[in-house]
Amino acid sequence: MSEQRVMNQELIVLLDEGGRAIGTAPKAPSHHGDTPLHLAFSCYLTDESGRVLITQRAHGKASFPSVWTNSCCGHPAPGEGLREAVRRRVPDEVGLRAEEPTLVLPEFRYRATAANGVVEYELCPVVRATARGELRLDPEEVAAAEWREWDDCVALTAHPSASPWFRSQMEQLAPLGHPADWPAAAPGLLPPAITW
């Protein structure tokens, strides 16, 4: 199934500047040169030895194809909690289960323009979770994936192939130390549009 068809079946939650839900829209047609602010999430998966899964977005993605980034990104469905969205999306993209999710950056927000002019504009809380199971990539979403030591993840931010949201997130995450040491954030800091 093509990404276009899959994306057209998915709704994103549109937001006002205060992070309140103001409606929904189909995902694919909503991503263009003037993409509206909407709800998303980023997840960092760690394995038993503390390595972090870094993924390369599929080469056919409409926005930011082929960039290297965090373990998994997604869009919570209307009415879906953040933990639920992470647990749904991670197996779809990389075949793993996301266990023990921890909210880390509840207020992360970014706007970035891809080389093809497509804009990403998201309130995008960041979650850490422990990976269980076997890595199995959906080629429509992920071109490649690597388990990396934390220092290598930090070093990736200087590489031009890193996604802009990964770079921005790492500005806040790197000072917190290794992912095992990241403190849990208060769910009350999430945008009003989503619950933990």
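Working note: Karplus 6.51/-1.76/1.60 with θ = phi - 60° gives segment 152-157 the couplings 5, 5, 4, 5, 4, 4 Hz, where Gly and Pro are set to x. From a point 7 Å beyond the Cα of ILE22 in the direction of its Cβ, which residues of segment 102-139 have a backbone N at a distance under 14 Å? Once the point is set 7 Å along Cα→Cβ of ILE22, 122-123 turn out to lie under 14 Å by backbone N, inside segment 102-139. Ordering SER66, SER161, SER168 from the fewest to the most neighbouring beta carbons within 10 Å gives SER161, SER66, SER168.
Distances between placed amide hydrogens fall under 5 Å for GLY81 paired with no residue 5 or more residues away or on another chain. Label-to-label distance for HIS32 and ARG97 is 4.2 nm, based on points extended 7 Å past Cα in the beta-carbon direction. Considering helices alone, the calculated mean residue ellipticity of the chain at 222 nm is -5500 deg cm²/dmol, with DSSP H runs of length four and up weighted by -39500 (n - 2.57) and normalised per residue.
Just need log10 I(q)/I(0) for segment 60-196 at q = 0.12 Å⁻¹, Debye formula, equal scatterers on the alpha-carbon atoms, no solvent, rounded to two decimals. Normalising to I(0) and taking log10 leaves -0.47. With the simple model of a label 7 Å out from the Cα in the direction of the Cβ, GLU84 to GLU146 spans 3.7 nm. Between LEU137 and LEU11, residue separation times 0.36 nm minus the direct Cα-Cα distance comes to 43.1 nm. Counting 0.36 nm for each residue step from LEU189 to GLU171 and taking away their Cα separation leaves a gain of 4.6 nm.
Here, each number is a calculation from the coordinates, and none is a lab measurement. Everything numeric here is computed off the predicted structure, so don't read it as measured data. All Cβ positions, even for glycine, are placed from backbone atoms using ideal geometry, and neighbour counts span all protein chains on display.
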